[in-house]
1. Over 21 Å between C-alpha atoms is what I'm after, so list which of Lys87/Lys107; Lys74/Lys105; Lys87/Lys117 land there.
2. Can you figure out the FRET efficiency of Ser84 with Ala116, using R₀ = 41 Å and their beta-carbon distance, to the nearest 0.05?
3. What percent does the relative contact order of the range 86-138 come to when contacts are Cα pairs within less than 8 Å and at least six residues apart?
4. Where q = 0.15, 0.32 Å⁻¹, what log10 of I(q)/I(0) comes from the Debye formula for the range 86-138, counting one point per Cα?
Amino acid sequence: MERLAFRVPGFGFKKSWMYFLFLIFGVLVEEAFALGGGQPGPGGEQSSMMLQMMPFVLMFVVMYFLIIRPQHKKQKDHQTMIDSIQKGDRVVTSGGVHGTVTRIKEKDAILVMQVAKDVQIEVSRGSVSRVVETKGKKK
């Protein structure tokens, strides 16, 4: 069974079917306004206001699930990875420096890394972008 995928240039959605949902949502909202005729009925001023606010609320909900929630999950995973760094782990910093953690200064949140024989540098714990190897176990 072939999977449908709708590509949107410039958006970079991993799940491009969400763009398709935006298109359908736009059509449905247009039809709702067309059927309403733009004329509020008896007590319709309140419902008209609610109908006008509905697209913004739905767009916020969709943006929450597309952008905000995955970003929080990514930050949480990254923080867990940083907290689990131990002596002997091979790490890569955000600047691209590869090295092995030789010492951890917990008070200052600093890692001392050996990048070559007899060459050690201190880096901030937050600058670690990924852990390549954990005490002999490759990731």
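1. Working: Lys87/Lys107 15 Å; Lys74/Lys105 25 Å; Lys87/Lys117 17 Å.
The answer is Lys74/Lys105.
2. Details: r = 25 Å, r/R0 = 0.61.
Efficiency at R0 = 41 Å is approximately 0.95.
3. Details: 103 pairs, mean separation 20.9, N = 53.
Computed over the range 86-138, the figure is 39 percent.
4. Debye intensities relative to I(0), on a log10 scale: -0.33, -1.40.
Computed from the coordinates by the stated procedures, all read-outs in this text should not be read as laboratory data. This one's a predicted model, so the numbers in the text were calculated from it and none came from an experiment. Methodologically, a virtual Cβ is constructed for each residue, glycine included, from the backbone with ideal geometry; neighbour enumeration extends over all protein chains shown.
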